[in-house]
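Accompanying notes for the structure given below.
Read-outs throughout are calculated quantities, based only on the coordinates presented, and are distinct from any laboratory measurement. Treat the numbers as computed from the prediction; the structure is a model and nothing was measured. Using ideal geometry, Cβ is built from the backbone for each residue, glycine included, and neighbour counts are taken over all protein chains shown.
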Amino acid sequence: MGKYETPDYEVIDKKDDFELRRYEDFYIVEYNNQSDPDIDQGFKTLFNYISSENKENEKMSMTVPVIQEKTETNKKMAFVVPEKYWGEVPEPNDPNLTVERFNKGIFAAVQFSGKRSDTKETSMKKELNDWIEKKGLEKKSDFMIASYSGPFTLPPFRKNEIWARVGTIEKD
């Protein structure tokens, strides 16, 4: 993973494959297209954006992770913007792309290797949710899937994570 830029974070707590992390603000370019609910065109559209299909015709470096989020209404996919552009992120040409600030906060994360599948992701989300509850925390976002490896990486060497923004449970 050393050759790709990734957002910095501080590990607050760690147990096996689970971590509690503090992220600072960073920027993403997000693909959100209601007419493409399975984000079939997401990666290609985002890749075209960093390959200079933006208002400044700026070619940007690939970063990791690629972040996917499934909401109640659809799925979204995002690339992390390289830090050198955070002062002025090139504006996307494609109307399905927006520049967003990924707001700082505390996130619970679980890491897993291998090929992604609905079964594996569902299992990992349950494990992460159980860990969050055991820590006395409350999940404050939908689950996000963070993928760090390219499609040609052999499954045992793939790095994936499930993230969720968390906060303390407020007592009445």
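Angle of helix 118-134 to the longest C-alpha principal axis of the chain, folded into 0 to 90 degrees and rounded to 10: 50°.
Name the chymotrypsin sites (Phe, Trp or Tyr not before Pro) in the stretch 69-172 that are in a loop by DSSP and that have at most 15 other C-beta atoms within 10 Å, would you?
On the way: sites: 79, 85, 86, 102, 107, 112, 131, 143, 148, 152, 157, 163; in loops: 86, 143, 148, 152.
Loop-located and lightly packed - 86, 152.
Structure remark: mean-square fluctuation, Gaussian network model of the chain, C-alpha springs under 10 Å; the largest value among 45, 98, 73 belongs to 73.
Going through (1) 0.95; (2) 1.05; (3) 1.19, the figure that equals Cα Rg over 2.2 N^0.38 Å as computed for the structure here is (2).
Neighbours of residue 39 by Cβ distance under 11 Å: Lys/Arg scored +1, Asp/Glu scored -1, total -1. For the residue pairs 115/139; 3/120; 15/139, the alpha carbons lie more than 23 Å apart in 115/139; 3/120.
Counting other Cβ atoms within 10 Å of each Cβ, which trypsin sites (Lys or Arg not before Pro) in the stretch 5-58 have at most 13 and sit in a DSSP loop?
Working: sites: 14, 15, 21, 22, 44, 55; in loops: 55.
Within the stretch 5-58, the qualifying trypsin sites (Lys or Arg not before Pro) (loop, at most 13 other Cβ atoms within 10 Å) are 55.
Highest mobility in the GNM of the chain, judged by mean-square fluctuation with C-alpha springs under 10 Å and restricted to 72, 30, 133, is found for 72.
Neighbours of residue 70, meaning other residues whose beta-carbon lies under 9 angstrom from its beta-carbon, give a summed charge of -1 when Lys and Arg score +1 and Asp and Glu score -1.
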